[in-house]
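Reviewing the structure listed below.
Values quoted throughout were computed directly from the atomic coordinates according to the rules given, and no laboratory measurement underlies them. The structure presented is a predicted model; accordingly, all values stated were derived computationally and were not measured. Quick reminder, even Gly has a Cβ in these numbers, built from the backbone with ideal geometry, and neighbours come from all protein chains shown.
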Amino acid sequence: MFLELAHTKLDAFQISKELVLGCYKETKSFPSEERFGIIQQIRRAALSVHLNIAEGCSRKSANERKRFYEIARGSIIEIDSALDIAIALNYTSKEKLNELGQLIVRTFQIISKMIR
């Protein structure tokens, strides 16, 4: 934000920011008793995606960068799995998550390309 480094212009960084905001927005409607459960897990995983992309971009070696991108991709899978449980618990629906689902898929694809 203040540093204005090159990674802030990357598609992966911009889309992962949208993913974080979308996850926060969607989980607002989940039951309050899930505040320290699935809500926190989804939000932490989404933030992890964004922060690991940023940190990976700051690494000098390709292997280090790749490791941070792999962690980010793993967090995307975590979000997807948690949302599947949220649907099964009737906290939301697949239709309601359509836009967020598109962000999940797009972020996963971009990070997978960065890993290769």
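This table checks each residue for (1) more than 25 Å from Lys9 (Cα to Cα); (2) surrounded by 18 or more Cβ atoms within 10 Å (Cβ to Cβ); (3) not aromatic (Phe, Trp, Tyr).
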| site | (1), (2), (3) |
| --- | --- |
| Ile38 | yes, yes, yes |
| Ala46 | no, yes, yes |
| Val49 | no, yes, yes |
| Asn52 | no, yes, yes |
| Ser58 | no, no, yes |
| Lys66 | no, no, yes |
| Thr107 | no, yes, yes |
| Ile111 | no, yes, yes |
| Met114 | no, yes, yes |
Residues that are within 24 Å of Glu70 (Cβ to Cβ), in contact (Cβ under 8 Å) with a residue 40 or more places away in the chain and of a type outside the set (Phe, Trp, Tyr), drawn from region 9-37: Leu10, Asp11, Ala12, Ile15, Ser16, Glu18, Leu19, Gly22, Cys23
